[in-house]
Amino acid sequence: MVDNVSIAGNVLVLGRRATLTHVSARGIAISGASKVSVSYAQIRDSAEDGIHVTSDRGPVSDVVLAYNYVHAPDVPYDAHYDGTQVRGAERLVISCSTYDLGVWKPQYNAAIYLENANGGVRDVRIADNWINGGGYALMLDGDRVLLDGNTFGDDAHWGLCEAKASFTRGQAPRMRANVDARGRALTPCGA
């Protein structure tokens, strides 16, 4: 367990059963790990992804990202930034967090990006978050994804959601109770 620390750089989580809470850092990476919880973290001034989850060193599973504040990226002009990028994971929850990229810059890809890489992304719940900014607020590709009770800000440049190939082949995310910043109901990834 890592609790109540401020780190000038990035954190890398490997292995099993890791808990990070009340951590301040430029970024957090979870690689080849399982049963990981990151809560009440403040991620800011990131030159790379705020939170990066990847199965590049082995499968990632059972990850909970909750009550985090991912904001104020500081990305070089030739890079791209995601608030959270997921490249292979199973059983992932992103909840009760604030993703505020702010006004769009060309380096901003998405607030949350689920990418069909490193074995794919399955069984994801994105719920009760404030999601603002990016080229798209969400870029999604995976199986069994639920968007539930999220509020979307106005700063996404191209739109709220870009649903990737697997969604267009019949794997569309389930959506319920999502709203815009004024509380109006919306369907972020289309009908």
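Each residue was assigned an accessible area with a 1.4 Å probe, and for residue 74 the value is about 90 Å². When only alpha carbons of the chain are considered, Rg and Dmax amount to 15.1, 44 Å.
For the stretch 10-55, pairs of C-alpha atoms spaced more than 13 angstrom apart make up 50 percent of the total.
Counting only heavy atoms of protein chains, what accessible area per residue, in Å², does the chain have with a probe of 1.4 Å? Please report the intermediate quantities before stating the final value.
Numbers: 8510 Å² over 191 residues.
Result: 45 Å² per residue.
A probe of 1.4 angstrom, applied to the heavy atoms of all protein chains, finds residue 52 with accessible area near 50 square angstrom.
For the stretch 1-59, what's the relative contact order in percent, using C-alpha pairs closer than 8 Å and at least 6 residues apart? Before the final figure, lay out the partial values.
Details: 138 pairs, mean separation 19.0, N = 59.
Computed value for the stretch 1-59: 32 percent relative contact order.
Can you give me the % of accessible surface on the chain that is carbon or sulfur? Probe 1.4 Å, all protein chains present, nothing else counted. Walk me through the numbers on the way to the answer.
On the way: 4090 of 8510 Å².
Looking at the chain in its full context, I get 48 percent from C and S.
The shape of the stretch 42-116 comes out oblate: with a ≥ b ≥ c from the C-alpha gyration tensor, a/c is at least 1.5 while a/b does not beat b/c. In percent, rounded to a whole number, the relative contact order of the chain is 13, using alpha-carbon pairs under 8 Å and six or more apart.
I want the local charge near residue 12. Using Cβ-Cβ distances under 14 Å, sum +1 for each Lys or Arg and -1 for each Asp or Glu among the other residues.
Taking every other residue near residue 12 into account, the sum is -1.
Quick one: grab the alpha carbon gyration tensor of the stretch 35-81, order the square roots of its eigenvalues as a ≥ b ≥ c, and give me rounded if a/c is under 1.5, else prolate or oblate depending on whether a/b is larger than b/c.
Numbers: a/c = 4.33, a/b = 1.36, b/c = 3.18.
Because a/c hits 1.5 or more and a/b fails to exceed b/c, the stretch 35-81 counts as oblate.
Under the classification rounded if a/c is under 1.5, otherwise prolate if a/b is larger than b/c and oblate if not, where does the stretch 1-89 fall, given a ≥ b ≥ c as square roots of the Cα gyration tensor eigenvalues? Taking the square roots of the gyration eigenvalues as a ≥ b ≥ c, the stretch 1-89 is oblate.
The values are calculated or read from the model by the stated rules, or taken from the named source; none is laboratory data. Everything quoted here is computed from the prediction, not taken from an experiment. Backbone-built Cβ (ideal geometry, glycine too); neighbour counts: all protein chains shown. Just the protein is used for accessible areas: all its heavy atoms, side chains included, with ligands, DNA and RNA removed. Shrake-Rupley method; radii C 1.70, N 1.55, O 1.52, S 1.80 Å.
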